Every structure is written in C-alpha cells, then in structure tokens.
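The values are calculated or read from the model by the stated rules, or taken from the named source; none is laboratory data. These numbers were taken from a predicted model, which means no experiment stands behind them. Cβ placement follows ideal geometry from the backbone for every residue including glycine, while neighbour counts extend to all protein chains displayed. To get the accessible areas, we keep the full protein, side chains included, count just its heavy atoms, and leave off ligands, DNA and RNA. Shrake-Rupley method; radii C 1.70, N 1.55, O 1.52, S 1.80 Å.
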Amino acid sequence: MGKQRRLHSMTIVDLLIHLVMILVILICIVPFLYMLALSLSSPSAIINSKVTFYPVGLNFDAYIQIFTYPNFFKAYGNTIFYTVAGTLIALFTTTVFAYAMSKRFLYGHKLIMKLIVFSMFFSGGLIPTYLLISNLHLTGTVWAMLLPFAINQFNLIILINFIRAVPAELEEAAIIDGLDYFGILLRVIVPLSTPALATIGLFTAVFFWNDWFNGLIYLNTNQYPVMLFLRNIVNGTTMVGDGAGAADKSTIAMSIKSAVIITSTLPIIILYPLLQRFFVSGLTLGSIKG
C-alpha cells in the first residue's frame with residue numbers, strides 16, 4: 001500500500017509539473033503568435049478587431065515597409081557582428097579569468113572575489129562610465145560595444161563554481177602527462193565546461209542582440225545595431241502615411257510595431273534550439289570511469 005501511495009503521489013506531482021510547464025509555454029507563445037498575426041493581417045482586419053492568433057487578410061506590407069528603410073540590412077549586419085564578436089570575446093575573457101579564480105591558492109583570491117561581488121551591486125554610474133569610454137577614445141568605434149561587457153560578474157561566478165566541480169584528479173593526471181596550466185585549460189577544462197560555456201554564451205549573445213542603449217550613447221548612425229534602428233522606426237511610425245486618417249495611422253503603426261517585434265526576436269528564437277544540443281551533449285563529457 002505504501003508503494004502504491006508513493007506512486008500515486010508521484011503521478012500527481014508529475015501531472016502538476018506538466019500543467020505548470022504547459023501554462024508557462026502558453027504564456028510565452030500566445031503573445032508572440034498574436035504579434036505575428038497582427039504583422040501579417042490587413043489594416044481592415046486590425047481596425048475591426050478580427051485578428052486573434054492567426055492572420056486575417058494576409059498582408060506583408062508591414063515587413064516591406066521595414067525592409068525598405070535605408071540602412072536596415074546594414075544595422076542587421078552590425079548587430080550580427082556585435083553579437084558574434086562580443087560573445088567570443090566574453091567567452092574567452094570569462095573562461096581565462098574563471099579558471100584562474102577557481103584556484104583557491106591564487107594570491108589575493110579572497111580580495112578579488114569580494115571585488116567581483118561588490119561590482120555586481122555597485123557601479124560608477126552612467127556619466128563616469130561614459131567619461132571612461134570617452135577618455136579611452138572608444139566612442140564612435142565598435143570597441144565601445146564590445147570591451148566594456150567582456151566580463152559579466154554573474155556569468156563569471158557561474159563558471160568559477162562549475163570549474164571547481166571538475167575533479168582534481170583530472171588536472172593531476174594532465175600535469176603528470178606534461179601539460180601546463182594553459183594546456184589543462186584548453187584540453188581538459190574547456191571540453192568539460194561545454195554546458196556552462198553554452199549557457200553563458202547564450203546569455204551573452206542575447207544581451208548583445210538586445211542592446212540598443214549603449215549604441216545610442218557611443219556609436220555613430222551608420223554603426224547602429226538593429227535594435228536601436230528598429231526602435232527609431234517604432235518611434236517614427238506616427239509619421240507613416242501623411243495622407244491617412246488617425247485610425248489608419250494607428251493601424252499602420254500597430255502593424256509595423258508587431259513586425260518589428262517579430263523581426264528582432266526571431267533570430268534568437270531560432271538560435272536557442274540550435275544551442276540545446278550543446279547543453280545535452282556537454283552533460284556527458286564530464287563522466288569519469290571508475
């Protein structure tokens with residue numbers, strides 16, 4: 001009876017977990033489907049509130065409007081560069097720093113960790129940061145988007161703890177085989193840290209893809225990322241269609257804003273499933289045969 005009761009309780013718990021996960025998925029998917037339907041629907045369907053979760057009167061005018069904006073594809077190329085380059089730089093610097101900080105015998109280890117944690121909660125502020133970037137002559141260059149975010153404290157702490165969980169016997173065996181610390185990092189730590197690196201890489205890529213404020217402050221117009229470019233489009237949608245009435249302008253603006261949301265989020269939505277295989281395969285790399 002006790003075993004049956006436990007199985008029954010586990011079934012109920014599993015059912016509740018599945019229901020909660022389905023609810024979370026719906027909360028995430030439903031608004032996205034609604035935005036997609038709005039971006040592909042005709043103005044009359046939007047005005048008459050006929051659009052729900054599927055397009056009514058299929059219409060691609062909103063996307064055509066966005067794609068015909070000058071420098072749209074230039075801005076998209078800028079964002080791809082910032083995302084790829086920024087993620088690679090962040091992974092390199094975070095991995096090297098985390099490996100060094102994972103060694104408790106490192107001189108000044110406790111002080112450095114305190115400074116890392118302190119900097120998570122306190123920063124110099126916007127104006128001192130701008131003055132620093134300006135005095136380093138980084139304004140108007142791509143480095144203003146890449147170097148200030150090379151290391152994120154939260155990601156660094158995650159990777160430090162992950163590397164510390166790697167069995168010390170593996171490093172000892174590598175040292176016996178003649179590897180130095182850089183060789184251990186490249187041949188042992190990095191392959192075993194694939195799940196953590198994939199997670200950090202995804203977080204970093206999402207940050208660089210969504211970042212627009214730093215581009216507004218530090219970059220020139222031809223260097224704008226796509227998020228800032230699309231933000232300017234959204235802010236300027238009230239000027240679309242000078243000959244149209246207020247209702248038509250509102251409809252066009254809503255359709256374009258929906259298309260902007262789809263255009264800006266779709267690449268990340270496509271990227272996430274591609275990285276899922278690294279999460280799964282990386283979990284099997286750290287096993288040790290006894």
Could you look at the chain and say what percent of its accessible area is carbon and sulfur, using a 1.4 Å probe and all protein chains?
71
Residue of 18, 137, 109 that the Gaussian network model of the chain assigns the largest fluctuation, springs spanning Cα pairs under 10 Å:
18
Angle between the Cα long axis of helix 72-101 and the longest principal axis of the chain, 0 to 90 degrees, nearest 10?
20
Given springs between every Cα pair under 10 Å in a Gaussian network model of the chain, which of 52, 11, 94 has the largest fluctuation?
11
Ellipticity estimate at 222 nm from DSSP helix runs (n ≥ 4, -39,500 (n - 2.57)) divided over the chain, nearest 500:
-22500 deg cm²/dmol
Inter-label distance for residue 153 and residue 187, nm, one decimal - labels placed 7 Å from Cα along Cα-to-Cβ:
3.7
Matching label for the computed Rg and Dmax of the Cα atoms in Å, out of (i) 19.0, 60; (ii) 24.7, 78; (iii) 25.4, 91, is (ii)
Here, residue 119 and residue 22, labelled 7 Å along Cα→Cβ, have an inter-label distance in nm of 4.7
So the angle from the long Cα axis of helix 109-121 to the longest Cα principal axis of the chain, reported in degrees to the nearest 10, equals 10
Calculate, for the chain, the solvent-accessible area per residue in square angstrom, rolling a 1.4 angstrom probe over the heavy atoms of the protein chains.
61
Degrees, to the nearest 10: 226-235 long Cα axis against longest axis of the chain:
30
Taking a ≥ b ≥ c as the square roots of the Cα gyration tensor eigenvalues, with a/c under 1.5 meaning rounded and otherwise prolate when a/b beats b/c, else oblate, which class fits the range 28-77?
oblate
Choice from 116, 268, 127 with maximal GNM fluctuation in the chain (Cα, 10 Å cutoff):
127
Please report, in debye to the nearest 20, how large the charge dipole of the chain is about its Cα centre when each Lys and Arg carries +1 at its beta carbon and each Asp and Glu carries -1 there.
680
Shape call for the range 127-231, from the Cα gyration tensor axes a ≥ b ≥ c (a/c under 1.5 means rounded, otherwise prolate when a/b beats b/c, else oblate), comes out prolate
Given a cut-off of under 8 Å on Cα pairs at least six residues apart, what relative contact order in percent is computed for the chain?
27
Just check the range 1-114 against the gyration tensor rule for me: Cα atoms, a ≥ b ≥ c as the square roots of the eigenvalues, rounded for a/c under 1.5, and otherwise prolate or oblate depending on whether a/b exceeds b/c.
oblate
